[in-house]
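Step one of this worksheet: look at the structure below.
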Amino acid sequence: MLSKSLILTLQGRVNRDVFKKLHISATSPNFNRDWFFVDYSVHDVPLGTSFDFLFEGENKKLLRNKSSIRISQILDQFGHKLTTIPEGYKTICKLEFDPDIPPVLKKLPLLSHWKYNLNAINLAQQGIQIGISDHLQKNLYFAAYGLLKTTINKNNFSQNLTKKEFLTLAKQTLDNDSESAEKFLEVSLQLGKVKKKDKKLELVDA
């Protein structure tokens, strides 16, 4: 089952000479914004789209991330401004971070063009449809489960929930539909992150 999450692949940071060649002005990088070369997109991705998770390299290693990430500007190869990253296009995007740029993104190479990077960084959203046949999807699951546990702990909810309570919380926290929430519960049970206890569901530590 494929993820419903939008995913972007960042190959590297944009060398300032690129903007000179395109004869356009662009804001300089600072602690909470920078420009990146974005590989072919498999979806249309609108301006303003936000991302929560970071994955590194071909093995899609889940990375720690404490910042929200938003697309604030999109350029095509000619420097034209776009309102959406079109499906199948490579683009240059300015990303804004709250509160600041994750260290792993600062370490991406400074590039003058789109270039394959074995250690490219993938951005993904919270809203996901879980499957366990793929390494990336499994990592997304554990990240999503961590978000669910954080919500429960912050709100002092019980660690023992009815099925209805679990599904409602999954839909609200992960922005999932009913089918995805059911699948999330199924995978949680398969991986032992949720256990049936009497007539309730017990959540174990993330």
Here is a check on your reading of the model: is F97 under 18 Å from the mean Cα position of the chain (by Cα) and modelled with pLDDT of 90 or more?
yes
Yes or no: region 49-66 includes at least one residue that is over 28 Å from F184 (Cα atoms) and among the β-branched types (V, I, T).
no
Of everything in region 152-206, what is surrounded by 15 or more Cβ atoms within 10 Å (Cβ to Cβ), charged (D, E, K, R) and over 26 Å from the mean Cα position of the chain (by Cα)? Give them in sequence order.
K200
Yes/no for T168 being under 22 Å from S50 (Cα atoms) and part of a helix (DSSP H, G or I)
no
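A quick yes/no check of all residues on (1) surrounded by fewer than 18 Cβ atoms within 10 Å (Cβ to Cβ); (2) part of a strand (DSSP E or B); (3) among the small types (G, A, S); (4) in the same structural domain as V14 (by TED's automatic domain parsing):
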| position | (1), (2), (3), (4) |
| --- | --- |
| I69 | no, yes, no, yes |
| S72 | yes, yes, yes, yes |
| F97 | no, yes, no, yes |
| L105 | no, no, no, yes |
| H113 | yes, no, no, yes |
| Y116 | yes, no, no, yes |
Considering only region 145-162, how many residues are part of a helix (DSSP H, G or I) and among the hydrophobic types (A, V, I, L, M, F, W, C)?
3
Is it fair to say D34 is within 20 Å of W114 (Cα to Cα) and surrounded by 16 or more Cβ atoms within 10 Å (Cβ to Cβ)?
yes
Any residue at all in region 35-50 that's closer than 18 Å to P99 by Cβ and modelled with pLDDT under 95?
yes
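Give, as residue ranges, the strands (runs of 3 or more DSSP E) completely inside region 7-62 that count at least 3 residues that are under 16 Å from E87 (Cα atoms).
7-14
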Of all residues in region 152-176, how many are free of Cβ contacts under 8 Å to residues at least 12 places away in the same chain, charged (D, E, K, R) and under 23 Å from Q125 (Cβ atoms)?
2
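The values are calculated or read from the model by the stated rules, or taken from the named source; none is laboratory data. Since the structure is predicted, the reported quantities are computational estimates derived from the model, not experimental observations. Positions of Cβ are generated from backbone atoms using ideal geometry, with glycine treated the same way; all protein chains shown enter the neighbour counts.
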